[in-house]
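Undergrad: A single structure is presented below for examination.
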Amino acid sequence: MRRLSWFNVTSLTLGLAFLYLPMVVLVIYSFNASKLVTVWAGFSTRWYGELLHNEAFLDAAWVTLKVAVVSSTMATVLGTMAAYVLVRAGRFYGRTLFSGMIYAPLVMPEVITGLSLLLLFIGIGLDRGIFTIILAHTTFSMCYVSVVVSSRLVSFDRALEEAALDLGCTPFAAFRLVTLPIIAPAVIAGWLLAFTLSLDDLVIASFAAGPSATTLPIKIYSAVRLGVSPEINALSTIMIAIVTIGVITASLLTKRAAVRRNAEEHAADRA
Amino acid sequence: MARRGQRPQTVSGVAMRRLILIAIPYLWLFALFLIPFAIVLKISLSDTVLAIPPYAPQIDLAAGWQGIKDFFGALDGENFVFLTSDDLYWKAYLSSLRIAALSTLMTLLVGFPIAYAMARAPDEWRPTLMMLVILPFWTSFLIRVYSWMGILANEGILNQVLTWTGIIDSPLQILNTNTAVYIGIVYTYLPFMILPIYAALERLDGSLLEAAEDLGCSRTSAFWLITLPLSKNGVIAGCFLVFIPAVGEFVIPSLLGGSRTLMIGKVLWEEFFSNRDWPVASAVAVVLLLILVIPIVLFQRQEQKQREAEG
């Protein structure tokens with residue numbers, strides 16, 4: 001076993017402290033009894049209580065969740081199709097433009113994506129609300145999904161699909177029975193990525209949302225623009241807790257799947 | 001009737017399905033990415049008017065060919081001339097580029113030692129370390145930026161600690177300055193720098209370093225002669241991944257920066273939401289994209305080269 005030098009231990013410790021201290025501070029201060037966020041006045045769960053009675057936040061959270069579920073699901077379908085087209089469809093007219101449109105939104109500043117979508121919605125006379133936020137989120141997150149899925153598609157053995165076709169599968173059945181199970185981890189990862197991107201997005205949602213729909217990030221932004229607020233600390237703590245539990249569960253599940261696969265391979269070797 | 005999967009029209013059926021498969025994502029992106037961008041370009045060439053929508057000209061299709069000709073005739077580059085005449089804009093572009101470049105450099109200096117230490121860590125630690133670096137990435141960006149507001153404020157935790165330990169007498173003004181923006185960018189984009197560098201360093205063959213040491217190379221010069229050049233691709237990828245989004249950043253300068261922090265993402269936002277000047281906001285967007293095209297193309301080329309080298 002290699003041992004880490006003091007330099008490496010120091011940089012890891014400092015680095016992780018830098019990454020986590022701000023969030024730890026946020027969590028600690030969400031339990032502060034004082035309204036003044038910088039003065040510690042004892043432990044209290046008062047802000048969580050007030051948060052639960054704040055209709056505006058609950059409404060915004062509900063809107064955000066709806067937008068995230070619908071847009072990430074649509075983005076996963078469209079993104080998987082796009083990945084399949086990029087990797088499997090071969091040459092077709094306008095392929096360069098297509099791959100350009102997949103990669104460009106990944107590096108496009110959010111303010112530009114948001115502005116351009118808003119001008120489109122106004123141009124075609126679409127009322128802004130939940131629907132337009134879903135359209136906007138689907139569009140930029142499908143590109144992330146297609147990048148994740150296409151990297152998996154590139155690395156898999158095409159002969160498996162061809163065998164299925166030779167054995168009389170329709171292309172769709174071959175996709176459903178052979179391709180999809182193999183790329184499933186990437187599709188799930190893509191969905192999760194699209195889901196978090198949608199939950200998290202402030203800039204594009206601000207442009208795409210009309211007065212009728214407010215998402216949680218828009219609400220948080222307008223609350224914190226003027227300064228730190230204990231209710232937002234409580235809300236942040238809840239969100240951090242959900243993400244932490246989610247990521248740890250996901251990594252444990254992948255680890256268990258890897259262990260099981262290993263065991264199966266060993267068993268197959270012995271047989 | 002032929003058996004399932006061996007229908008006579010299979011060939012044209014396959015071609016048809018392929019076409020539909022291509023068409024759906026293609027048309028979606030065309031309608032919701034390319035056309036909106038064409039609209040931005042068009043409005044950037046229009047004039048601001050007091051109307052709804054607040055720009056002119058509009059295409060008058062009822063007037064037929066003459067309407068379309070009038071429409072194109074009324075477009076001009078006035079807004080772009082305006083951008084060059086008011087120094088707010090070019091100062092904001094320059095300042096965004098400077099802030100992005102400096103914070104990319106700082107992220108590299110902070111991120112490299114962390115990635116290096118991760119790559120040198122015992123094998124059984126690595127998945128945990130990876131997860132610890134990725135976890136903040138899944139946490140809300142807005143919340144991570146916000147968390148610094150309470151730390152950097154005048155009566156915030158950092159100032160409290162510094163005053164308590166006697167390092168300073170009066171609180172430092174950090175929040176609402178460019179310093180806070182640098183801290184915010186380094187903090188939020190750090191995982192984007194660490195992960196590609198770690199990926200490059202992890203692949204590095206340890207026997208190269210042993211060979212260098214056997215041949216009398218000191219540890220320091222082995223680092224400069226072997227480790228650093230071989231991690232070059234990771235460093236370049238990390239720098240692009242931080243620099244490109246940092247240039248157009250809005251949330252960080254808006255929450256951590258002050259009124260004197262000039263960044264183009266913030267200018268565009270205010271031009272649109274506060275001044276309601278759509279043509280100028282569109283022109284700002286077009287120029288921002290033109291500035292970013294160079295680093296974006298360089299980045300794509302670098303990625304392509306690396307893919308080919310690996311493939």
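Undergrad: Tell me which of these A:SER236 doesn't satisfy, since it passes every other one: (1) within 8 Å of chain B (Cβ to nearest Cβ); (2) farther than 25 Å from A:ALA33 by Cβ; (3) touching a Leu at 6+ places or on another chain (Cβ under 6 Å).
TA: (2)
Undergrad: Still on this structure, please answer the following. Of all residues in segment B:243-265, which are β-branched (Val, Ile, Thr) and in contact with a Ser or Thr (Cβ under 6 Å, 6 or more places away or on another chain)?
TA: We begin by selecting, within segment B:243-265, every residue β-branched (Val, Ile, Thr); these are B:244, B:247, B:251-252, B:261, B:264.
Residues satisfying the conditions are B:VAL247, B:ILE264.
Undergrad: Another question, if that's okay. Any residue that is of a type in the set (Val, Ile, Thr), assigned to a helix (DSSP H, G or I) and either facing another protein chain (nearest Cβ under 8 Å) or farther than 27 Å from A:THR244 by Cα (or both) - is there at least one of those in segment B:121-130?
TA: No, because not a single residue in segment B:121-130 is of a type in the set (Val, Ile, Thr), assigned to a helix (DSSP H, G or I) and either facing another protein chain (nearest Cβ under 8 Å) or farther than 27 Å from A:THR244 by Cα (or both).
Undergrad: What pairs come out if I take residues in segment B:13-25 that are at the interface with another protein chain (Cβ under 9 Å from one of its Cβ atoms) and pair them with residues that are exposed (fewer than 13 other Cβ atoms within 10 Å of the Cβ) and assigned to a helix (DSSP H, G or I) whose C-beta lies under 9 Å away, six or more apart or interchain?
TA: B:ARG17/A:PHE172
Undergrad: Of the conditions (1) closer than 30 Å to B:VAL40 by Cβ; (2) touching a Leu at 6+ places or on another chain (Cβ under 8 Å), A:ILE183 clears all except one; give me its number.
TA: With respect to (1) closer than 30 Å to B:VAL40 by Cβ; (2) touching a Leu at 6+ places or on another chain (Cβ under 8 Å), A:ILE183 is out only on (1).
Undergrad: Quick one: would you say A:GLU161 is surrounded by 18 or more Cβ atoms within 10 Å (Cβ to Cβ), away from every other protein chain (no Cβ under 11 Å) and at pLDDT below 95?
TA: For A:GLU161, the condition - surrounded by 18 or more Cβ atoms within 10 Å (Cβ to Cβ), away from every other protein chain (no Cβ under 11 Å) and at pLDDT below 95 - is met.
Undergrad: A follow-up question, please. Kindly indicate which of A:LEU86, A:LEU65, A:LEU78 is part of a helix (DSSP H, G or I) and more than 17 Å from the chain's Cα centre (by Cα).
TA: Only one candidate passes the filter, namely A:LEU86.
Undergrad: If we keep just the residues of segment B:134-143 that are in contact (Cβ under 8 Å) with a residue 24 or more places away in the chain and either at the interface with chain A (Cβ under 7 Å from one of its Cβ atoms) or out of contact with any helix residue (DSSP H, G or I) (no Cβ under 6 Å at 6 or more places or on another chain) (or both), which is surrounded by the most Cβ atoms within 10 Å (Cβ to Cβ)?
TA: Going residue by residue through segment B:134-143, those that are in contact (Cβ under 8 Å) with a residue 24 or more places away in the chain are B:134, B:136-137, B:141-142.
Among the residues that remain, those that are also either at the interface with chain A (Cβ under 7 Å from one of its Cβ atoms) or out of contact with any helix residue (DSSP H, G or I) (no Cβ under 6 Å at 6 or more places or on another chain) (or both) are: B:134, B:136, B:141-142.
Details: B:ILE134: 14, B:PRO136: 20, B:PHE141: 20, B:LEU142: 24.
The selected residue is B:LEU142.
Undergrad: Those residues that are surrounded by 14 or more Cβ atoms within 10 Å (Cβ to Cβ) and not aliphatic (A, V, I, L, M), I need them from segment A:41-69; list them, please.
TA: Just the residues of segment A:41-69 that are surrounded by 14 or more Cβ atoms within 10 Å (Cβ to Cβ), to begin with: A:44, A:46-48, A:51, A:54, A:57, A:59-61, A:63-69.
Across segment A:41-69, the qualifying residues are A:SER44, A:ARG46, A:TRP47, A:TYR48, A:ASN54, A:PHE57, A:ASP59, A:THR64, A:LYS66.
Undergrad: Which fully enclosed helices (runs of 4 or more DSSP H) of segment B:195-260 have 1 or more residues being among the small types (Gly, Ala, Ser) and within 21 Å of B:VAL145 (Cβ to Cβ)?
TA: By residue number, B:232-247, B:251-255.
Undergrad: Which one of these is among the hydrophobic types (A, V, I, L, M, F, W, C) and modelled with pLDDT under 90: B:ALA115, B:ALA121?
TA: B:ALA121 is the lone residue from the list that is among the hydrophobic types (A, V, I, L, M, F, W, C) and modelled with pLDDT under 90.
The values are calculated or read from the model by the stated rules, or taken from the named source; none is laboratory data. These numbers were taken from a predicted model, which means no experiment stands behind them. Glycine gets a Cβ as well: all are built from the backbone with ideal geometry, and neighbour counts include every protein chain shown.
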